[in-house]
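Trainee: So that we are looking at the same thing, I have put the structure below in structure tokens.
The values are calculated or read from the model by the stated rules, or taken from the named source; none is laboratory data. This one's a predicted model, so the numbers in the text were calculated from it and none came from an experiment. Note that each Cβ is placed from the backbone with ideal geometry, even for glycine, and that neighbours are counted across all protein chains shown.
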Amino acid sequence: MATCTFDQARRVVIDAVTASGPRPAIEIAPLGEAAGRVLAQFAHADRDYPPVARSLRDGFAVRSADLPGALRVVGEVAAGGMFPGEVGPGECVEIMTGAPVPCGADAIVMVEHTRREGELMATSRSPKPGEFVNARAAEARHGQELLPPGRRLDFADIAMLATIGMREVPVFAKPVVAILSTGDEVVPVESIPADNQVRNSNAWSVAAQVALAGGIPRILPVAPDNEADTRRLIEEGLRADLLLLSGGVSAGKYDYVEPVLAALGAEFHFDRVLIQPGQPLVFGRVRGRFFFGLPGNPASTMVTYRLFAEAATRLLAGETETPLPMPRARITHDFSHKTGLTRFLPARVSDDAGEVTALRWQGSSDVAALARSNAFLVVDADRESWKQGDSIRVILK
């Protein structure tokens, strides 16, 4: 068993999952369903882009050496057209944005900088060769690697795949993530709980986080506080690609998760992380499957998934990079804490992300405060206080 700092624990997770073996199986997704999936093979340019030099502006295609001065307009070319001839000395061609640049021309003069009188175009500009011309293959060359495997596809990537004609996209299969809440006090969300019970919000919040990270959540029945049922449901969860347990990982009399995992032969990479909320966090591997024992309080569950289990989910989905952006914002109030733990507290970041305010909350069970937040304030373990206006890190929800 081991205790880790925040940075150490995150590194342990990423290194362990990265080294665990081959990537997932490859599936074929229609282009319209590929957004958010992880690309499984390189995407290559099927031709030069652009295939011919194109105009970047509405104006006139000219020979730069002929200007400034007046030129004779010998034709026009629109996007989708081609000028059949060649631009000779003293000549120019009216051209539209995106149209192929005629042979003989080497620059574009914007229409705003010209005067047109009949067949003559006059300008005081002295364009440089290549000005406002998107040269052939300036964007990509035929056969060039455009998108690498391991990349989660966003809207710009989908545009790129459409551009190169990929109607079918090789993607990695999504990992199945089993979610197991524990505790006699946990009841289904459709139940009317007694005063000593809570609805199973953790399973549903984690399921939402799993889906956003590219996994397929599978919520298991709640494990009651006895060893036999806990073992049976853990073994069921180990049929998935990743097992996430919520609760039962502290040192209480009825916390059976770690003893059951140990009895199954688990290797524990750590069982405590110096953070708040979420100190009693367990990470390990058993029967070829990684597992996380997430703390049972809702804030702890959500924070530890975001900090650690999300990276594992993304790696198991085939991604090669799992950054955790922590932009800086100016804190709107004085803040202090006891050093030793890295804290992740519910906060509101202003619309321009320039300022951040920590929210009042009642601790790790305060789901209402988490719902009001749009970020977590990242309170460094080795710094005691911040003054209003100081820079501090945040993690956006």
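Trainee: I'm told Pro323 meets every condition in (1) over 19 Å from Ile179 (Cα atoms); (2) surrounded by 20 or more Cβ atoms within 10 Å (Cβ to Cβ); (3) at pLDDT below 95 except one. Can you identify the failing condition by its number?
Mentor: Here Pro323 clears every test but (2).
Trainee: Within segment 115-158, which residues are of a type in the set (Asp, Glu) and under 27 Å from Ala61 (Cβ atoms)?
Mentor: Within segment 115-158, Glu117, Glu119, Glu131, Glu139 qualify.
Trainee: Further question: If we keep just the residues of segment 59-86 that are among the aliphatic types (A, V, I, L, M) and part of a strand (DSSP E or B), which is farthest from Gly104 (Cα to Cα)?
Mentor: Residue satisfying both the conditions and the ranking: Ala70.
Trainee: Given the residues Leu315, Leu324, Leu377, Leu396, which is the only one that is farther than 30 Å from Phe172 by Cα and in contact (Cβ under 8 Å) with a residue 12 or more places away in the chain?
Mentor: Within the list Leu315, Leu324, Leu377, Leu396, the selection yields Leu377.
Trainee: Given the conditions (1) surrounded by fewer than 16 Cβ atoms within 10 Å (Cβ to Cβ); (2) closer than 30 Å to Gly214 by Cα; (3) not charged (D, E, K, R), and given that Ala65 satisfies all but one, which numbered condition is not satisfied?
Mentor: (2)
Trainee: For residues that are under 35 Å from the mean Cα position of the chain (by Cα) and hydroxyl-bearing (Ser, Thr, Tyr), scanning just segment 246-260, find the one that is modelled with the lowest pLDDT.
Mentor: Ser250
Trainee: Being under 16 Å from Ala53 (Cβ atoms), part of a loop (DSSP other than H, G, I, E, B), assigned by TED's automatic domain parsing to the domain that holds Gly59 and of a type outside the set (A, V, I, L, M, F, W, C) narrows it down to one of Pro89, Pro127, so name that one. Before you say what the answer is, go through the steps one by one.
Mentor: Values: Pro89 fails: under 16 Å from Ala53 (Cβ atoms).
Every option except Pro127 fails the conditions.
Trainee: What are the residues in segment 379-397 that are part of a strand (DSSP E or B) and either buried (at least 19 other Cβ atoms within 10 Å of the Cβ) or not aliphatic (A, V, I, L, M) (or both), if any?
Mentor: Across segment 379-397, the qualifying residues are Val379, Ser385, Trp386, Ser391, Ile392, Arg393, Val394.
Trainee: While we're here: Have a look at Ser191, Ser205, Ser181 and point out the one that is assigned by TED's automatic domain parsing to the domain that holds Ala299, exposed (fewer than 14 other Cβ atoms within 10 Å of the Cβ) and either among the polar types (S, T, N, Q) or assigned to a loop (DSSP other than H, G, I, E, B) (or both).
Mentor: Going through Ser191, Ser205, Ser181 in turn, the sole match is Ser191.
Trainee: Might you check whether a residue that is buried (at least 19 other Cβ atoms within 10 Å of the Cβ), charged (D, E, K, R) and outside the structural domain of Ser205 (by TED's automatic domain parsing) occurs anywhere in segment 134-156?
Mentor: Scanning segment 134-156, I find at least one residue that is buried (at least 19 other Cβ atoms within 10 Å of the Cβ), charged (D, E, K, R) and outside the structural domain of Ser205 (by TED's automatic domain parsing), so the answer is yes.
Trainee: Are any residues in segment 16-38 surrounded by 15 or more Cβ atoms within 10 Å (Cβ to Cβ) and modelled with pLDDT under 95, and if so, which ones?
Mentor: Arg23, Pro24
Trainee: I want to confirm something. Restricting to segment 225-245 and keeping residues that are assigned to a loop (DSSP other than H, G, I, E, B) and buried (at least 16 other Cβ atoms within 10 Å of the Cβ), which single residue is nearest to the chain's Cα centre (by Cα)?
Mentor: It comes out as Asp241.
Trainee: A follow-up question, please. Restricting attention to segment 285-296, report how many residues are surrounded by fewer than 21 Cβ atoms within 10 Å (Cβ to Cβ) and either at pLDDT below 95 or not β-branched (Val, Ile, Thr) (or both). Even if it seems obvious, please write down each step before you answer.
Mentor: Residues of segment 285-296 that are surrounded by fewer than 21 Cβ atoms within 10 Å (Cβ to Cβ), as a first pass: 285-289.
Then keep just the ones that are either at pLDDT below 95 or not β-branched (Val, Ile, Thr) (or both); that gives 285, 287-289.
Residues that pass the stated criteria total 4.
Trainee: For segment 17-58, give me the residue count where each residue is part of a loop (DSSP other than H, G, I, E, B) and within 30 Å of Arg287 (Cβ to Cβ).
Mentor: Restricting attention to segment 17-58, the residues satisfying the condition of being part of a loop (DSSP other than H, G, I, E, B) are 19-25, 34-37, 40-42, 45-48, 50-53, 56-58.
So of that shortlist, the ones also within 30 Å of Arg287 (Cβ to Cβ) come out as 19-25, 36-37, 40.
The total comes to 10.
Trainee: Are there any pairs with C-beta distances below 8 angstrom linking a residue in segment 60-73 that is at positive phi to a residue that is hydroxyl-bearing (Ser, Thr, Tyr), with the two at least 6 apart or on different chains, and if so which?
Mentor: Once the first residue is at positive phi and sits in segment 60-73, its partners that are hydroxyl-bearing (Ser, Thr, Tyr) give Gly69/Thr123.
Trainee: Evaluate segment 92-113: report whether one residue or more is in contact with a helix residue (DSSP H, G or I) (Cβ under 7 Å, 6 or more places away or on another chain) and either surrounded by 13 or more Cβ atoms within 10 Å (Cβ to Cβ) or in contact (Cβ under 8 Å) with a residue 40 or more places away in the chain (or both).
Mentor: There is at least one residue in segment 92-113 that is in contact with a helix residue (DSSP H, G or I) (Cβ under 7 Å, 6 or more places away or on another chain) and either surrounded by 13 or more Cβ atoms within 10 Å (Cβ to Cβ) or in contact (Cβ under 8 Å) with a residue 40 or more places away in the chain (or both).
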